[in-house]
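Below: one structure, written as structure tokens.
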Amino acid sequence: MRELTPGELLDLDREHVWHPYGPMPGRIEPLLVESASGVRLRLADGRELVDGMSSWWSAIHGYNHPVLNDAARGQLDRMSHVMFGGLTHEPAVRLAAKLVEITPEPLRHVFLADSGSVSVEVAVKMCLQYWRSLGRPGKQRLMTWRGGYHGDTWQPMSVCDPDGGMHDLWAGLLPRQVFADAPPAAYEDTYAEHLRETVARHADELAAVVVEPVVQGAGGMTFHSPAYLRVLREACDEHDVFLVLDEIATGFGRTGTLFAAEQAGISPDVMCVGKALTGGYLTMAAALCTERVAEGISRGDVPVLAHGPTFMGNPLAAAVACASIDLLLGQDWAQEVKRIEAGLRDGLAAAHDVPGVRDVRVLGAIGVVQLDHEVDMAAATRAAVGAGVWLRPFRDLVYSMPPYVTGDEDVARICAAVCAAAAAG
Ligand SMILES: *Cc1c(COP(=O)(O)O)cnc(C)c1O
């Protein structure tokens with residue numbers, strides 16, 4: 001096949017290819033990436049950009065990593081995929097055992113899903129089916145707090161922030177869930193009471209509370225006191241409601257602890273991981289549950305969990321995930337996240353002086369600048385790229401979640417680009 005020029009590729013892209021949250025045809029021309037290595041994306045026109053996004057928070061070790069490449073190649077030579085029904089294989093078994101080992105007790109069983117959204121669907125299905133199996137089919141609603149994001153398929157969408165998740169667009173089609181107010185950053189007794197009261201009032205119809213712990217990601221990049229998770233844990237226990245923690249964005253060290261739940265000292269009944277699970281190489285996620293959840297489901301008249309994606313347990317993704325977790329745990333990752341946190345705090349302090357900036361916040365390897373207006377995405381992106389950095393601002397936010405291998409100079413460069421984007425956007 002004849003090689004296509006960058007111009008031809010972009011023309012075909014515009015004509016045929018949907019991009020995330022985009023109109024068809026697209027209004028903003030995407031940048032054409034030719035390759036990526038370490039923390040740098042190389043564009044077709046030869047420019048190099050420091051990646052401030054970790055490809056939506058997943059590429060924690062950077063790109064083209066020799067250890068992850070070896071894991072993928074080694075597995076490719078054995079088999080890239082076999083079906084998971086009736087068959088099993090070492091990469092999936094090892095990954096499941098590893099996940100059980102590193103996540104909070106008493107999570108014990110692992111459902112490997114092919115994306116974060118699907119893992120949330122499975123988590124919800126587990127909870128609903130548990131109560132059905134126990135003869136309480138009325139418990140089928142979910143509770144969450146505003147400002148969340150849990151994915152783009154229907155059940156996850158129903159617990160996304162009603163405004164950001166465009167619930168109006170789908171009114172009548174989305175399951176109607178129970179929403180508490182968005183969690184404040186600091187601990188407040190009145191808000192804790194509001195959570196308790198909301199769980200108590202709806203206990204009879206609630207299957208589960210589904211929240212992101214400590215950091216709400218795509219719903220608005222906000223942080224909240226871990227104490228609220230303890231409040232939810234207690235309220236859920238008291239009222240026979242499951243607690244599902246969506247650690248898809250926070251898992252694998254991003255907030256400074258391996259999982260954000262650790263900051264609250266609690267464990268969920270069901271937990272979802274994804275994004276950084278494969279170090280950003282391949283799509284894979286997982287829903288982990290306790291023995292109680294699995295045992296309850298198995299007691300029902302339909303004792304099976306009726307879910308089984310075609311590419312469930314994909315060996316290639318599982319092998320890379322195992323390598324990525326070993327790579328992470330084999331180094332002082334917490335120190336690296338702390339180092340990046342310090343760099344982000346230093347570098348983003350300057351954003352306080354940028355006109356139109358409402359808030360600057362940093363937690364772990366997450367740096368956020370919030371504006372007092374909707375960001376002009378084209379102008380902000382142009383400014384960041386001009387500063388040699390790839391960022392993807394949204395709504396009123398310019399933020400970075402860099403790979404953990406980002407050096408101090410590159411962290412400083414990312415911060416300068418965030419400030420420039422905030423000023424331009
Ligand atoms: C990204 C994300 C999801 C959805 O994961 P996909 O792999 O994009 O389907 C769900 N929950 C949280 C917290 C996320 O950040």
Scanning segment 261-271 for residues that are of a type in the set (A, V, I, L, M) and either assigned to a loop (DSSP other than H, G, I, E, B) or surrounded by fewer than 24 Cβ atoms within 10 Å (Cβ to Cβ) (or both) gives Ala264, Ile266
Whether any residue in segment 125-135 is more than 14 Å from Val270 (Cα to Cα), in a loop (DSSP other than H, G, I, E, B) and within 16 Å of the ligand (Cβ to nearest atom) is what I want to check. no
Taking segment 142-159 and keeping only residues that are within 9 Å of the ligand (Cβ to nearest atom) and under 23 Å from Arg201 (Cα atoms), one is left with Gly148, Pro156
Scanning segment 29-43 for residues that are assigned to a loop (DSSP other than H, G, I, E, B) and either within 23 Å of Gly7 (Cα to Cα) or touching a Cys at 6+ places or on another chain (Cβ under 7 Å) (or both) gives Glu29, Pro30, Leu31, Leu32
Considering residues that are away from the ligand (no atom under 15 Å from the Cβ), buried (at least 22 other Cβ atoms within 10 Å of the Cβ) and under 18 Å from Cys272 (Cα atoms), the number found within segment 209-235 is 1
Open item on the list: So for segment 187-203 (the condition being within 22 Å of Ala294 (Cα to Cα), buried (at least 16 other Cβ atoms within 10 Å of the Cβ) and not β-branched (Val, Ile, Thr)), does at least one residue qualify?
Closed with: yes
Within segment 335-362, residues closer than 21 Å to Leu258 by Cβ, in contact (Cβ under 8 Å) with a residue 12 or more places away in the chain and surrounded by fewer than 15 Cβ atoms within 10 Å (Cβ to Cβ) come out as Lys338
Taking the stated definitions as given, is Val320 buried (at least 24 other Cβ atoms within 10 Å of the Cβ), aliphatic (A, V, I, L, M) and in contact with a Gly (Cβ under 6 Å, 6 or more places away or on another chain)? no
Here the qualifying pairs (Cβ atoms under 7 Å; residues six or more apart or on different chains; first in segment 363-384 and free of Cβ contacts under 8 Å to residues at least 40 places away in the same chain; second part of a strand (DSSP E or B) and hydroxyl-bearing (Ser, Thr, Tyr)) come out as none
Selection from segment 1-60 of residues of a type in the set (Val, Ile, Thr) and within 16 Å of the ligand (Cβ to nearest atom) yields Ile60
Given (1) part of a helix (DSSP H, G or I); (2) of a type in the set (Asp, Glu); (3) touching a strand residue (DSSP E or B) at 6+ places or on another chain (Cβ under 9 Å), Asp77 misses just (3)
Residue hits (segment 49-68; part of a loop (DSSP other than H, G, I, E, B) and among the small types (Gly, Ala, Ser)) are Gly52, Ser58, Ala59, Gly62
Picking from Gly86, Gly46, Gly26, Gly7, the residue that is over 21 Å from Val418 (Cα atoms), in contact (Cβ under 8 Å) with a residue 12 or more places away in the chain and either among the small types (Gly, Ala, Ser) or not in a helix (DSSP H, G or I) (or both) would be Gly26
Filter segment 286-301 for residues that are in contact with a Lys or Arg (Cβ under 8 Å, 6 or more places away or on another chain) and outside any helix (DSSP H, G or I); the one that is surrounded by the fewest Cβ atoms within 10 Å (Cβ to Cβ) is Gly300
If we keep only residues of segment 136-175 that are among the polar types (S, T, N, Q) and part of a loop (DSSP other than H, G, I, E, B), then the residue surrounded by the fewest Cβ atoms within 10 Å (Cβ to Cβ) is Thr153
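None of the figures in this text is laboratory data; all of them are computed from the coordinates on show. Predicted model only: the values in this text are computed from it and were never measured. All Cβ positions, even for glycine, are placed from backbone atoms using ideal geometry, and neighbour counts span all protein chains on display.
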